[in-house]
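Asks: Have a look at this one.
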Amino acid sequence: MSKQYALLHEKIECRTLENGLRIAYIPKEGFSKTFAVLATDFGSVDASFTLDGTRYDTPAGVAHFLEHKMFEDKDGNALQKFSVTGASPNAFTSQTMTAYHFSCTERFEQNLDILLSFVFTPYFTEENVEKERGIIGQEIGMMEDTPGWQAYVGLFEGLFHEHPVRVSIAGSVESISHITPELLFTCHKAFYSPSNMALVVCGAADFEQVCRAAERLSPRVPTRIGERHYGERRDTVAKSLVTRKMQVSQPQFLLGFKDEPLAPGESKLRRALLGELAVRVLCGDTAPLYSDLYAKRLINRYFETEYSLIPEGAVALMGGESRDPEAARAAIEAEVRRIAREGVDKPLFERMKKAVYGLHLRVLDDPEELARMQVGAMFGGEDYLDFAALFDTIEASDIQTMVARWARNDHSSMSVVEPAEA
């Protein structure tokens, strides 16, 4: 199926193979690099699942550990194979997805074969799993020494009672000590089924050749996907405030508002766009509140905003460095209540809407980011390039409705990393 986006001067070719693997190709004429990403709808929050009648409550960090080990092969390492072809490979694990990707200027077909082969062919041994434990342990240590990451983890501990999003993506040194080759094989079987995955190519390639390669190198018959468990959902937050002490010069904070999960049939892409726009209207870098907080030295130029969708939940978050996190929180929450009560200033709404729309237009010139956005949209049954039409459906009243949900009692939490005492 081919979809044309005349307004964006873009098109996309889409196909779903008989085994359920979804494939999308976005051509980019005149670009020197081609980017491909093969992703599975399996992230750090999918730690508890039932497969073939057996329940598995896996150690924290198993999805990230699996990502590291997938590059191992019986005849070497996929990274070494990519180095021969001149490609630039990498991978990442988020709360909701694991993705493997490469970019190249030549030998695309050979690189695609390497990608498809190692992702669909797991190879784990006691020896290579034990070796990886030390490598990932060092990575965990670096993350635990990063104040911004500690503030991020602390925020989700405050916002949720049971949801596995409370746990760091990489887990802990203790948790990964319980990961075995057998467990990795089980997770691969449960979530690396073609019907739970998507392949996106952006650049210069032959779409039919891409589909043929995927048919040849992916399993012919999809396996059953694990049934996920996220714990009991509660509307209120677990803690209003979470604090940690680290070697920082001044406090770092993240303030989060717990939002409603997606409703049945609701567009995931539209909700994400609406959330992104709402946090920018509230305190984006050209919003009145941002200027006020900056003038009072309650924030600095490193202040950031984000809207995040997770299974059975959603979160609006904002923060950075501050000499007085409590004062910053009070000002932001006061503005949340004001918008919920009075609505959004129309000129501000229109200006922010154009700004956010422009940010998404810029993605079209970045094949790597465009492919990542597309694969995320595909897991919601949508195409990223539909963002332009979806923007037209968003009104100022939608922002007010969303922010009103954040204004409810016991729906906000703040995580603060404070300077450790000398």
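Read the figures in this text as sums done on the coordinates, not as results from a lab. Predicted model, so just to flag it, every value in this text is computed and none were measured. Positions of Cβ are backbone-derived with ideal geometry, glycine not excepted, and every protein chain shown enters the neighbour counts.
Asks: Consider just the alpha-carbon atoms of segment 241-419 and return their Rg together with their Dmax, both in angstrom.
Replies: Gyration radius and largest Cα-Cα distance of segment 241-419: 16.6, 47 Å.
Asks: I would also like to ask the following. Using Cβ counts within 10 Å as a stand-in for footprinting exposure, how do 156, 102 rank, fewest first?
Replies: Working: 156 27, 102 23.
Least crowded to most crowded, the residues run 102, 156.
Asks: Given 0.36 nm per residue, what is the gain on full extension from residue 408 to residue 110 after removing their alpha carbon distance, in nm?
Replies: Between residue 408 and residue 110, full extension yields an extra 101.9 nm.
Asks: Of the residues 291, 44, 322, which exhibits the maximal mean-square fluctuation in a Gaussian network model of the chain defined by a 10 Å Cα contact cut-off?
Replies: Of 291, 44, 322, the most mobile in the Gaussian network model is 291.
Asks: Now for a separate question. How much length is gained if the chain between residue 302 and residue 189 is pulled fully straight, taking 0.36 nm per residue apart and subtracting their Cα-Cα distance, in nm to one decimal? Before the final figure, lay out the partial values.
Replies: Numbers: separation 113, 0.36 × 113 = 40.68 nm, distance 4.15 nm.
36.5 nm is the gain from fully extending residue 302 to residue 189.
Asks: What are the equivalent ellipsoid semi-axes of segment 287-331, built from the alpha-carbon gyration tensor (square roots of five times its eigenvalues), in whole angstrom, biggest first?
Replies: Numbers: eigenvalues 108, 21, 17 Å².
Over the Cα atoms of segment 287-331, the ellipsoid semi-axes are 23, 10, 9 Å.
Asks: Springs between alpha-carbon pairs under 10 angstrom, Gaussian network model over the chain: which of 272, 99, 36 fluctuates most?
Replies: Between 272, 99, 36, it is 272 that shows the largest mean-square fluctuation.
Asks: As an exercise, use a Förster radius of 60 Å and the Cβ-Cβ distance of residue 88 and residue 338 to find the FRET efficiency, rounded to the nearest 0.05. Don't jump to the answer; show the numbers that get you there.
Replies: Details: r = 47 Å, r/R0 = 0.79.
For residue 88 and residue 338, the calculated efficiency is 0.80.
Asks: Return the FRET efficiency for the residue pair residue 139, residue 346: r is the Cβ-Cβ distance, R0 is 41 Å, and the value is rounded to the nearest 0.05. Walk me through the numbers on the way to the answer.
Replies: Details: r = 47 Å, r/R0 = 1.15.
It comes out at approximately 0.30.
Asks: Quick one: compute a quarter of the convex hull surface over the Cα atoms of the chain and quote it in nm².
Replies: On the way: hull surface 85.3 nm².
Mean orientational projected area (the chain, Cα hull): 21.3 nm².
Asks: Shifting gears a bit: Charges only on Cβ, +1 for Lys and Arg, -1 for Asp and Glu: so what's the dipole of the chain about the Cα centre, in debye to the nearest 20?
Replies: Details: 46 positive and 62 negative charges, 138 e Å.
Roughly 660 debye for the chain.
Asks: What dipole magnitude, in Debye to the nearest 20, does segment 241-419 give about its Cα centre under +1 on Lys/Arg Cβ and -1 on Asp/Glu Cβ? Intermediate values should be presented prior to the final figure.
Replies: Numbers: 23 positive and 29 negative charges, 127 e Å.
Around 600 debye, computed over segment 241-419.
Asks: Please give the FRET efficiency for residue 235 paired with residue 212, using the beta carbon to beta carbon distance and R0 = 56 Å, rounded to the nearest 0.05. Working shown, then result.
Replies: Values: r = 49 Å, r/R0 = 0.87.
It comes out at approximately 0.70.
Asks: Which peptide among 108-121, 334-347 comes first, and what is the full order, when sorted by highest mean count of other Cβ atoms within 10 Å? Mind showing how you got there, number by number?
Replies: Details: 108-121: 20.1, 334-347: 15.2.
By packing density, highest mean first, the sequence is 108-121, 334-347.
Asks: To continue, here is another question. Residue farthest toward the positive end of the dipole of the chain, with Cβ of Lys/Arg at +1 and Asp/Glu at -1: which of 90, 416, 36?
Replies: Ranked along the dipole, the leading option is 416.
Asks: Taking Cα centroids, how far is segment 54-93 from segment 232-253 in Å?
Replies: 32
Asks: Moving on. Say the cut-off is 31 Å between C-alpha atoms; which of 11/258; 258/353; 28/353 go over it?
Replies: On the way: 11/258 36 Å; 258/353 23 Å; 28/353 26 Å.
Beyond 31 Å: 11/258.
Asks: If each of residue 54 and residue 117 carries a label point 7 Å out from its Cα toward its Cβ, how far apart are those two points in nm?
Replies: 3.0
Asks: Subtracting the Cα-Cα distance from 0.36 nm times the residue separation, let me have the gained length for residue 1 to residue 178 in nm, one decimal.
Replies: Numbers: separation 177, 0.36 × 177 = 63.72 nm, distance 4.48 nm.
Separation in residues times 0.36 nm, less the Cα-Cα distance, equals 59.2 nm.
Asks: Also, I was wondering about something else. Over what distance in Å are the Cα centres of segment 106-168 and segment 395-419 separated?
Replies: Here the two parts' Cα centres lie 29 Å apart.
Asks: So, with +1 on the Cβ of K and R and -1 on the Cβ of D and E, and no other charges, what is the size of the charge dipole of segment 2-228 about its Cα centre, to the nearest 20 debye?
Replies: That gives segment 2-228 a dipole magnitude of about 640 debye.
Asks: Rounded to the nearest 500, what is the chain's calculated 222 nm mean residue ellipticity when only DSSP H runs of at least 4 contribute -39500 (n - 2.57) each, over all residues? Write down the numbers at each step before the final one.
Replies: Values: 15 runs with 175 residues, N = 422.
Calculated from helices alone, the mean residue ellipticity at 222 nm is -13000 deg cm²/dmol.
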